[in-house]
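Written below as structure tokens is the structure these notes are about.
The values are calculated or read from the model by the stated rules, or taken from the named source; none is laboratory data. Since this is a predicted model, take the numbers as computed values, not measurements. Backbone-built Cβ (ideal geometry, glycine too); neighbour counts: all protein chains shown.
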Amino acid sequence: MTDQARTRLIAGCGYLGRRVADQWRSDGRDVVALTRSPVRADEFRKSGLTPVVTDLCVDADLRSLPSAEIVLWAVGFDHAAGVPREKIWLGGLERLLTRLSSAPRRFIYISSTGVYGQNRGQTVDEATPANPTSDGGRCCLAAEQLLQQHCSQFFPQTQVIVLRMAGIFGPGRLLRRVSDLQSEKPLPGSPDQWLNLIHVKDAVRIIDCVSSTDDVPSVINVVNSGGITRRQYYSRLAELVSAPAPVFGTNDNAGPQRGGNKRVVSRYRADLNADFQYDDVLAGLEQSVANA
């Protein structure tokens, strides 16, 4: 049996979720981490986590999960896995919810700023109606709604907190392969398009903050406070890796822009006790390259 008041459960213990798990372990929390891989389970166990080997995409796998005060959903989408995102983000989320043995105090759902469909350079915040135009954005919004409806019906005491993450970057995740810059491969899209980003360390800070702060809004955009364009970002990245200046493709062959062209801000972030270490994206980019 686990002590629910001390236990945190994470579905999606990857690039972001694993860092959150390590933070919570360092704070003395018991962390249960779901994984499909027995090898990863061994790694988690050696790091002090409690692994549960399970596949949330499989109907037959219906074991109950340990009680937890906080549940974090940070499941990414792996194109190489060949599994539709709906099966993971909707079907998997629903299976997780039906397997919770008790109502958590909070359920933190990692969503995406892709739920905002604006693409003409507009500024959007949490009051902007979600109107996604991409498959990923539509799936994220559907999952947000599924979670809110389920908890309203079955776990009314649970607060659902949706964190709409901008693009996460950090060591080992620089948005583009360095080899693309070094070979002067054209980058698709306009160089003047806004990039909405958040350093992985600051994403962890926000998750940790909302897990323990008393009064937290139900939807928060997690994004750096200063705007940056794709030209600014990739030009600095090229300098840091000693590559030629970035080459951008023409609008004719760029295709639809991932994330659209909008500037995402948060009206709530300043009220949270979570000072960002890398609110300056370029400073965060320097740290990421140095620690890659």
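Which one is surrounded by the fewest Cβ atoms within 10 Å (Cβ to Cβ), of the residues in segment 209-242 that are of a type in the set (Val, Ile, Thr) and within 22 Å of Ala290 (Cβ to Cβ)?
Val241
Within the set of pairs 6+ apart or on separate chains, which have a first residue in segment 162-177 that is at positive phi, a second that is polar (S, T, N, Q) and surrounded by 15 or more Cβ atoms within 10 Å (Cβ to Cβ), and C-beta atoms under 9 Å apart?
Gly170/Gln287; Gly170/Ser288; Gly172/Ser288
For the subset of segment 91-103 comprising residues that are touching a helix residue (DSSP H, G or I) at 6+ places or on another chain (Cβ under 8 Å), within 24 Å of Phe77 (Cβ to Cβ) and not charged (D, E, K, R), which member is surrounded by the fewest Cβ atoms within 10 Å (Cβ to Cβ)? Quick ask: steps written out before the conclusion?
Taking segment 91-103 first, the residues touching a helix residue (DSSP H, G or I) at 6+ places or on another chain (Cβ under 8 Å) are 93-94, 97, 102-103.
Filter once more, keeping what is within 24 Å of Phe77 (Cβ to Cβ): 93-94, 97.
Among the residues that remain, those that are also not charged (D, E, K, R) are: 93, 97.
On the way: Leu93: 21, Leu97: 17.
That would be Leu97.
Scan segment 128-161 for residues that are aliphatic (A, V, I, L, M), touching a residue at least 24 places away in the same chain (Cβ under 8 Å) and surrounded by 18 or more Cβ atoms within 10 Å (Cβ to Cβ) and jot them down. So that I can check it myself, show each step before the final result.
Keep residues of segment 128-161 that are aliphatic (A, V, I, L, M), which gives 130, 141-143, 146-147, 160-161.
The next check asks that each one be touching a residue at least 24 places away in the same chain (Cβ under 8 Å); those that pass are 141-143, 146-147, 160-161.
Correct list: Leu141, Ala143, Leu147, Val160, Ile161.
Identify, from the list Arg177, Arg164, the residue that is surrounded by fewer than 15 Cβ atoms within 10 Å (Cβ to Cβ) and not polar (S, T, N, Q).
Arg177
Looking only at segment 178-192, how many residues end up being in contact with a Phe, Trp or Tyr (Cβ under 9 Å, 6 or more places away or on another chain) and either among the acidic types (Asp, Glu) or more than 11 Å from Ala238 (Cα to Cα) (or both)?
Number of matching residues: 6.
Among the residues in segment 91-110, are any assigned to a strand (DSSP E or B) and under 30 Å from Asp192 (Cα atoms)?
For segment 91-110, residues assigned to a strand (DSSP E or B) and under 30 Å from Asp192 (Cα atoms): present.
If I filter segment 31-39 for residues that are touching an Asp or Glu at 6+ places or on another chain (Cβ under 9 Å), crowded, with 20+ Cβ neighbours inside 10 Å and assigned to a loop (DSSP other than H, G, I, E, B), do I get at least one hit?
Checked segment 31-39: no residue is touching an Asp or Glu at 6+ places or on another chain (Cβ under 9 Å), crowded, with 20+ Cβ neighbours inside 10 Å and assigned to a loop (DSSP other than H, G, I, E, B).
Filter segment 44-66 down to the residues that are at pLDDT 80 or above and of a type in the set (D, E, K, R), then identify the one that is nearest to the chain's Cα centre (by Cα).
Looking at the filtered set, the residue picked out is Asp55.
Which one is surrounded by the fewest Cβ atoms within 10 Å (Cβ to Cβ), of the residues in segment 67-84 that are over 14 Å from Tyr109 (Cβ atoms) and at pLDDT 90 or above?
Ser67
Among the residues of segment 253-270, is there at least one that is modelled with pLDDT of 85 or more, part of a loop (DSSP other than H, G, I, E, B), surrounded by 13 or more Cβ atoms within 10 Å (Cβ to Cβ) and small (Gly, Ala, Ser)?
Yes - at least one qualifying residue is present in segment 253-270.
Being within 26 Å of Asp22 (Cβ to Cβ), out of contact with any Phe, Trp or Tyr (no Cβ under 7 Å at 6 or more places or on another chain) and not polar (S, T, N, Q) is the filter here, so list the residues in segment 220-239 that pass it.
Selection gives Val222, Val223.
I'm told Trp89 meets every condition in (1) at pLDDT below 95; (2) touching a strand residue (DSSP E or B) at 6+ places or on another chain (Cβ under 8 Å) except one. Can you identify the failing condition by its number?
(2)
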